[in-house]
Amino acid sequence: MISEADGRSQAAEWGPAVSEPLVIVGNGMAAARLVDELAKVALGRYAIAVIGEEPRLAYNRVLLSSVLAGETASHDIELRPAAWWRDRGVTLKYGCTATEIDVGRRELKIANEESIGFSRLVLATGSTPLRLNVSGADLAGVHTFRDSRDVDLLLTLAAQRKRVIVVGGGLLGLEAAYGLAKAGAPVTLLHLMDRLMERQLDAPAAELLKSLVERKGVKVLLNANTARLHGANRIEGVELTDGRRIDADAVIFAAGIRPNVALAEEASIAVNRGIVVDDHLQTGAPDIFALGECAEHRGVCYGLVEPAYEQARVLARHLAGRAAAYQGSVVATNLKVSGVSVFSAGDFIGAEGSEAILLNDASGGAYKKLVISDGRLTGAVLVGDVGDALWYLELIRSRQPVEGIRKDMMFGRPRALPSQAA
Ligand SMILES: Cc1cc2nc3c(=O)[nH]c(=O)nc-3n(C[C@H](O)[C@H](O)[C@H](O)COP(=O)(O)OP(=O)(O)OC[C@H]3O[C@@H](n4cnc5c(N)ncnc54)[C@H](O)[C@@H]3O)c2cc1C
């Protein structure tokens, strides 16, 4: 049994005497959803303990951007209240780092504490933001954007009107830049590529997004390759490889993430970029599983929450002894930047042999592209109006023929399928 630590843990007794000890490392979004799913399909079978490094209850990490933008309060993003965990008999320890897995003895070591035993272990350790490998990357004033402690720090910078450079024009960088600008900081966004969010958007959609973000006060520099960070002790500015130099009081790296695999690697559990798992989310070690951003399934590490939720559902069923297999996820991006909704799914560029249906209203702030291949919808990009995003995603996932609705599909579900409209 685990003891209370520093008054920060919500401790509960292990479940019924017959319950097997199941330990989850990481108290993030994947872990919380796994407990949720287990409560539905295997209530009482496991005595669950969750060990989390962050000093608070599991929260919706996706909403950190809204907290930064002042649209949501930090305490409102908790996924479940303390009583919810207690009612399910979960021993919840937060502010505690798991440091070592002893695979043979089936024990997990926790920093500054004794080990705890497990019959099943689940790794849900998420990712760490990457810092560019350039000189000055470790100067004071250089930060990342991953957890609620980072948000507190960024809000302090914005309140002091510090000049901030955000490095990275993907989803995270855009959200950090928008949030900081909205909170009052002068922000420059540097992006290596010639368009924003190149992994989710085609060129016209990215151009529209750029103009909408700039209207919100974020200065965007494309083709901006960071050469080094300047400063004696603290950050003073960024120099680009083309010689441009931008002064700054703080730099936020939002240039990618790396799955947290160290615990598995040190226990000689197979790891590539992520912890390698099979269709049951099982690692190379017996009774040790992994899910969420730390896991690699069929060569893919997902950086989004939806695949983690699909994995949680499959793993819970598997742990309950039911038939279930994870086949991979069709990823979709649904986000709001500067009040602009953006959606992208599937083959949004359009592979050879595919066709695209387009609507491009740059001054009206709307862009829509549907990619069709072999009579099926295979990809979509929407900027502005994303009202039909989930319908398009369903069409992509189900691979159903769309020839019959092709001419009306662009105008949304009610027009394409009037008989099914509510
Ligand atoms: C600002 C922001 C905005 C995002 N927006 C979106 C979005 O719009 N859409 C989307 O799909 N995704 C978004 N994401 C990504 C999404 O949040 C992640 O995909 C999701 O949180 C992954 O869940 P996870 O449980 O695998 O990892 P996490 O939620 O990161 O949880 C992992 C937890 O494990 C803990 N941990 C790690 N190592 C240890 C250890 N040794 N011992 C104990 N605890 C440990 C970590 O501290 C962390 O709390 C966003 C992420 C961020 C940061």
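Values for this structure:
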{"quantity": "Those residues of the range 306-335 which are near the ligand (Cβ under 10 Å from one of its atoms) and crowded, with 17+ Cβ neighbours inside 10 Å, in sequence order", "calculated": "307, 308, 309, 311, 312, 331, 332, 333, 334, 335"}
{"quantity": "Selection status of residue 145, within 23 Å of residue 273 (Cα to Cα), within 16 Å of the ligand (Cβ to nearest atom) and among the aromatic types (Phe, Trp, Tyr)", "calculated": "yes"}
{"quantity": "Residue within the range 246-253 that is at pLDDT 95 or above and within 14 Å of the ligand (Cβ to nearest atom) present", "calculated": "yes"}
{"quantity": "Qualifying residue in the range 399-421 (condition: at pLDDT 90 or above, farther than 28 Å from residue 210 by Cα and under 28 Å from the mean Cα position of the chain (by Cα))", "calculated": "yes"}
{"quantity": "Filter result for residue 134 (over 24 Å from the mean Cα position of the chain (by Cα) and surrounded by fewer than 19 Cβ atoms within 10 Å (Cβ to Cβ))", "calculated": "yes"}
{"quantity": "Selection from the range 307-353 of residues that are more than 30 Å from residue 46 (Cβ to Cβ), more than 18 Å from the chain's Cα centre (by Cα) and either in a loop (DSSP other than H, G, I, E, B) or at pLDDT 90 or above (or both)", "calculated": "338, 339, 347, 348, 349, 350, 351, 352, 353"}
{"quantity": "In the range 45-84, residue farthest from residue 182 (Cα to Cα) [restricted to those that are more than 15 Å from the ligand (Cβ to nearest atom) and surrounded by fewer than 22 Cβ atoms within 10 Å (Cβ to Cβ)]", "calculated": "45"}
{"quantity": "Pair list, Cβ < 7 Å and 6+ apart or interchain, from the range 252-275 residues that are within 16 Å of residue 301 (Cα to Cα) to residues that are surrounded by fewer than 21 Cβ atoms within 10 Å (Cβ to Cβ) and of a type in the set (Gly, Ala, Ser)", "calculated": "257/127; 257/303; 258/127; 259/127; 260/127; 270/284"}
{"quantity": "Residue within the range 88-107 that is touching a Phe, Trp or Tyr at 6+ places or on another chain (Cβ under 8 Å) and within 11 Å of the ligand (Cβ to nearest atom) present", "calculated": "no"}
{"quantity": "Strands (runs of 3 or more DSSP E) completely within the range 225-291 that count 2 or more residues being over 20 Å from residue 142 (Cβ atoms)", "calculated": "275-277, 288-290"}
{"quantity": "Residues that are of a type in the set (A, V, I, L, M, F, W, C) and away from the ligand (no atom under 15 Å from the Cβ), drawn from the range 20-37", "calculated": "22"}
{"quantity": "Tabulated pairs, the range 386-406, first closer than 14 Å to residue 333 by Cα, second among the hydroxyl-bearing types (Ser, Thr, Tyr) and crowded, with 19+ Cβ neighbours inside 10 Å, C-beta under 8 angstrom, 6+ apart or interchain", "calculated": "396/378"}
{"quantity": "Only one of 239, 207 that is among the charged types (D, E, K, R) and either closer than 30 Å to residue 310 by Cα or in contact with a strand residue (DSSP E or B) (Cβ under 6 Å, 6 or more places away or on another chain) (or both)", "calculated": "239"}
{"quantity": "Qualifying residues in the range 239-251 (those that are touching a residue at least 40 places away in the same chain (Cβ under 8 Å) and of a type in the set (Asp, Glu)) - the one nearest to residue 154 (Cα to Cα)", "calculated": "249"}
{"quantity": "Total residues in the range 163-172, condition more than 10 Å from the ligand (Cβ to nearest atom) and surrounded by fewer than 24 Cβ atoms within 10 Å (Cβ to Cβ)", "calculated": "2"}
{"quantity": "Filter result (farther than 11 Å from residue 188 by Cβ, crowded, with 19+ Cβ neighbours inside 10 Å and not β-branched (Val, Ile, Thr)) within the range 235-249", "calculated": "249"}
{"quantity": "Qualifying positions in the range 184-196 - buried (at least 21 other Cβ atoms within 10 Å of the Cβ) and out of contact with any strand residue (DSSP E or B) (no Cβ under 8 Å at 6 or more places or on another chain)", "calculated": "none"}
{"quantity": "So residue 99, is it within 19 Å of the chain's Cα centre (by Cα) and among the β-branched types (Val, Ile, Thr)", "calculated": "no"}
{"quantity": "Evaluation of residue 303 against (1) more than 20 Å from residue 327 (Cα to Cα); (2) part of a loop (DSSP other than H, G, I, E, B) (one fails), failing number", "calculated": "(1)"}
{"quantity": "Matching option when the condition is among the acidic types (Asp, Glu) and within 12 Å of the ligand (Cβ to nearest atom), among 355, 293", "calculated": "293"}
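The values are calculated or read from the model by the stated rules, or taken from the named source; none is laboratory data. Given the structure is predicted, the values throughout are model-derived calculations rather than measurements. Because the Cβ atoms are built from the backbone with ideal geometry, glycine has one as well, and the counts that use them run over all protein chains shown.
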